[in-house]
Amino acid sequence: AAHKKGIKVVMDMVFNHFGTNSYWMKNLPAKDWINQWPEFTRSNYRGGVITDPYRSQYDEKKMANGWFDVTMADFNQKNPYVAKYLIQNSIWWVEFAGLDGIRQDTYPYPDKEFMADWMLALREEYPNFNVVGDEWINYPPQISYWLDNKKNNDGYRSNLTNAFDFPLMMAIQKAFTENEGWDTGLARLYELLSQDFLYSDPSKLITFADNHDIERTFQVLKTPENVKMALAFLATTRGLPLIYYGTEALLNRGTLEGDPGKRKDFPGGWQGDEVNMFTGENLSPEQKDMKDYTSALFTWRKGNKTVQEGKLTHYIPEDGMYVYFRTLEKEKQSVMVIINNNEKYLKTLDTQRFEENLKGYKTGKDIFTGSQIKDLSKIEVPAKSVK
């Protein structure tokens, strides 16, 4: 039914653990079906341990074999029957449901050799199939380890096609709320992207500003203007953008904390809902404006090959402004992005230092307003906005 509407389906899978209420726990197929400990032992949650060249066996075992929580029994993928089951089960789901992709939870936690074997088995069956790994790690070198074709010093090859860009997410959450400085504000975005040499293919990274595990974008960034800038950045930088539901209409959890708050039902269509984000009913003016903005932004992106695939060239942020280009040289098409993170000031950008990207272009068009920009030598950008 989703395919008939042009919607692709990505299934969430979890190979690291399963619920302790499962029938397996009542009668384990084998004692080593799960990782057993003399007493309950929790993972240390340090995903970077797996790639640490100086790691202790103690820390590595606790990371990979410790339980995620008291209700989450930890699969032992070194058991060949567990490994076979997980591989066959996932292939069955792809075939049975016609899946378009998989999001694999807690990617660094299962046995890494098994994960590489699983990806290889999946790609042998479906050569063009994509899997995004959920590896919540803070540093680009650790994320890059898990992307396919990375030449890791230990010889490991993951076969994983896509990964979430958690370091960039954390940079986004700070960049638009900080004062501009040498390594704060927009410099965070520049410095993070400058490390893309670590990745085998940065375009395969999934970029995002929030998800089901962290506070909502509007709560973190505090103003609609900051949210708009974050969304515009996601729509125009490298990678594949992901928008968590409700972000497009300033969904704010208020005082709700923890997972139930972050994962509350999408408003609209549920009994007792006063606000309907599907239809726009009872949205505030700010929410309606944000929804229209997001729709216009990503509708434009959907039809613009240059911003999807074009070469990224960015310039060191100056005076609270970050400028970058996406360029398709053969088609002679270019998208220029100007982010003005200044709190109060309309800025007139002198574009002389961007000559290498502007050469050959005399005019431009503002994609939000449709208005022509007849003079590219100086461009006005309002405070806290993106042009």
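The values are calculated or read from the model by the stated rules, or taken from the named source; none is laboratory data. No experiment lies behind these values; they were computed from the predicted model shown. Virtual Cβ from ideal backbone geometry, glycine too; neighbours counted across all protein chains shown. Ligands, DNA and RNA are excluded from the accessible area calculation, which covers all protein heavy atoms including side chains. Shrake-Rupley method; radii C 1.70, N 1.55, O 1.52, S 1.80 Å.
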Could you sort 12-18, 31-37 so that the peptide with the highest average Cβ count within 10 Å comes first and the rest follow in order? 12-18, 31-37
Using per-residue counts of other Cβ atoms within 10 Å, averaged over each peptide, order 84-90, 346-352, 166-172 from highest down. 166-172, 84-90, 346-352
Range of Cα positions in the stretch 148-296 per principal axis (Å), largest first: 56, 36, 31
The ³J(HN,Hα) series, computed from each phi in the stretch 238-246 with the Karplus coefficients 6.51, -1.76 and 1.60 at θ = phi - 60°, rounded to the nearest Hz and given as x for glycine or proline, is 6, x, 10, x, 10, 10, 6, 4, x
DSSP-defined antiparallel bridges as percent of all bridges, the chain, nearest 5: 65
Would you work out which of 308, 280, 341 lies farthest towards the positive end of the dipole of the chain? Charges go on Cβ: Lys and Arg +1, Asp and Glu -1. 308
Compute the length gained on full extension between residue 96 and residue 266: take 0.36 nm times their separation in residues and subtract their Cα-Cα distance, giving the result in nm to one decimal. 58.4 nm
Normalise the Cα radius of gyration of the stretch 196-244 by 2.2 N^0.38 Å (N = residues in it) and let me know the number. 1.25
For the stretch 61-156: rounded, prolate or oblate by the Cα gyration tensor [a/c cutoff 1.5]: oblate
Mind listing the Cα extents of the chain along all three principal axes, in Å, largest one first? 72, 55, 42
Cα gyration tensor of the stretch 225-330 - equivalent ellipsoid semi-axes, whole Å, descending: 32, 16, 13
List the equivalent ellipsoid semi-axes of the stretch 1-148 in whole Å, largest first, each obtained as the square root of 5λ for an eigenvalue λ of the Cα gyration tensor. 26, 20, 14
Placing +1 on the Cβ of each Lys and Arg and -1 on the Cβ of each Asp and Glu in the chain, which of 229, 207, 7 has its Cα farthest towards the positive end of the resulting dipole? 7
Within the accessible area of the chain (1.4 Å probe), percent carbon and sulfur: 51
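Ranked from highest to lowest mean number of other Cβ atoms within 10 Å per residue, what is the order of the peptides 1-8, 100-107, 189-196, 231-238?
231-238, 100-107, 189-196, 1-8
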In Hz, Karplus ³J(HN,Hα) per residue of the stretch 11-23 (6.51, -1.76, 1.60; θ = phi - 60°; x = Gly, Pro): 9, 7, 10, 10, 9, 7, 8, 9, x, 6, 7, 4, 4
Please compute the contact order of the chain in relative form: average sequence separation of alpha-carbon pairs under 8 Å and at least six residues apart, divided by the residue count, as a percent. 10
